[in-house]
Amino acid sequence: MYEKPTFNVTGRDSSGKGVARKLRAAGLIPGTCYGLNGEAFSVTANPEDLFKLLTGKRRTNIVFSLAVEGGETFEYVMVREYQVDPVRRDLLHADFVVVDPDVKVKVTVPVEAHGRSKGEREGGKLRIVRPHVEVSARPMDIPEKILYDVTNLGLSQSVLASALTLPEGVDPAYKMDFALLQVGVSRVKAKE
C-alpha cells in the first residue's frame, strides 16, 4: 500500500483541435476523464506535473486523486493513455479513468532479475526476453515491479511467466505462457 498523490486539473467546457492548439501554446495540455458510469468530461492539465506523475516508480500504474479546480475530487484515478509528440517528445494529450478500488484492473508490470545466475558464472549471458508481464489486481494492490531470483538459473535455461511468484491479490492476466529471462551461451563458450 502506498500514499496516493493528488493531481490537479482544471475543468473546461470547450473542445476541438483549435482549443487543444491554444492550450498547448499556453503551456497546458488537454485531457479527458472517464467516470465509472461511462460519463466523460474535458480537463486541462499541467504537462510538467503529469510528466512527474508518469515518470515515478509506478509509471502508468500509479493510482492518484484527481482534483478538479473548483469542483469534485475523484479518489481513485489512473492514466488510461497519453500522447507524446514524436519529434519534440512533449506531452500532447492524456486520458484519465476513474477506477473502483475493489475491482481488479489489467495492467503491465515490469519484471526485474535479482542476483547473478549460475549460467552467468559459467560464462553465459542473462538476456531479458520480455521485460514485463500482464497482471490483474485491485488498483491499490498493483505491484511496482516483480522480482525474480535468477541465482539457480543455468546455461540455456529460461524463466517462464508462470514461474513468477505474484503478490497476494495479484493474478496473471496473460493467455499463454512465455519466456521472460534466459541465460544464453556466449559465442566463445559455444565454440569450446
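The values are calculated or read from the model by the stated rules, or taken from the named source; none is laboratory data. Note that the structure is predicted; figures quoted are calculated from it, not measured. Methodologically, a virtual Cβ is constructed for each residue, glycine included, from the backbone with ideal geometry; neighbour enumeration extends over all protein chains shown.
Points to keep in mind about this one:
- Every listed requirement among (1) outside any helix (DSSP H, G or I); (2) surrounded by 14 or more Cβ atoms within 10 Å (Cβ to Cβ); (3) not acidic (D, E) is met by G27 save one, (2).
- Output for segment 30-67, where each listed residue is part of a loop (DSSP other than H, G, I, E, B) and either aliphatic (A, V, I, L, M) or in contact with a Phe, Trp or Tyr (Cβ under 6 Å, 6 or more places away or on another chain) (or both): L36, I62, V63
- Of the set (1) among the basic types (K, R); (2) crowded, with 17+ Cβ neighbours inside 10 Å; (3) assigned by TED's automatic domain parsing to the domain that holds Y174, all apply to R58 but (3).
- Candidates V98, V183, V107, filtered to the one that is in contact with an Asp or Glu (Cβ under 9 Å, 6 or more places away or on another chain), within 30 Å of A26 (Cβ to Cβ) and touching a residue at least 40 places away in the same chain (Cβ under 8 Å): V98
- Just so you know, in segment 3-30 the residues that are touching a residue at least 40 places away in the same chain (Cβ under 8 Å) and of a type in the set (S, T, Y) include one that is nearest to F64 (Cα to Cα), and it is T6.
- With respect to the conditions (1) under 24 Å from Y76 (Cα atoms); (2) assigned to a strand (DSSP E or B), P167 lacks only one, and its number is (2).
- Residues that are in contact with a His (Cβ under 8 Å, 6 or more places away or on another chain) and farther than 27 Å from P143 by Cβ are absent from segment 37-60 altogether.
- Single unsatisfied condition, S65 versus (1) touching a residue at least 60 places away in the same chain (Cβ under 8 Å); (2) more than 27 Å from H132 (Cβ to Cβ); (3) touching a Ser or Thr at 6+ places or on another chain (Cβ under 7 Å): (2)
- Single condition K52 does not satisfy, out of (1) at pLDDT below 90; (2) closer than 20 Å to V97 by Cβ; (3) out of contact with any strand residue (DSSP E or B) (no Cβ under 9 Å at 6 or more places or on another chain): (1)
- Qualifying residues in segment 65-114 (those that are hydroxyl-bearing (S, T, Y) and under 14 Å from the mean Cα position of the chain (by Cα)) - the one farthest from F41 (Cα to Cα): T108
Residues are listed down the side, and each one gets a yes or a no for (1) out of contact with any Pro (no Cβ under 6 Å at 6 or more places or on another chain); (2) closer than 30 Å to V111 by Cα; (3) charged (D, E, K, R):
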| residue | (1), (2), (3) |
| --- | --- |
| V9 | yes, no, no |
| A20 | no, no, no |
| L23 | no, no, no |
| C33 | yes, yes, no |
| L53 | yes, yes, no |
| R58 | yes, yes, yes |
| L66 | yes, yes, no |
| M78 | yes, yes, no |
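- E120 being at pLDDT below 95 and either assigned to a loop (DSSP other than H, G, I, E, B) or acidic (D, E) (or both): yes
- The residues listed here are P139, P101, P86; of these, the one that is modelled with pLDDT of 95 or more and loosely packed, with under 14 Cβ neighbours inside 10 Å is P101.
- Some residue of segment 121-133 being surrounded by fewer than 16 Cβ atoms within 10 Å (Cβ to Cβ), of a type in the set (K, R) and in contact with a Leu (Cβ under 8 Å, 6 or more places away or on another chain): yes
- So H93, is it assigned by TED's automatic domain parsing to the domain that holds A45, surrounded by 14 or more Cβ atoms within 10 Å (Cβ to Cβ) and of a type outside the set (A, V, I, L, M): yes
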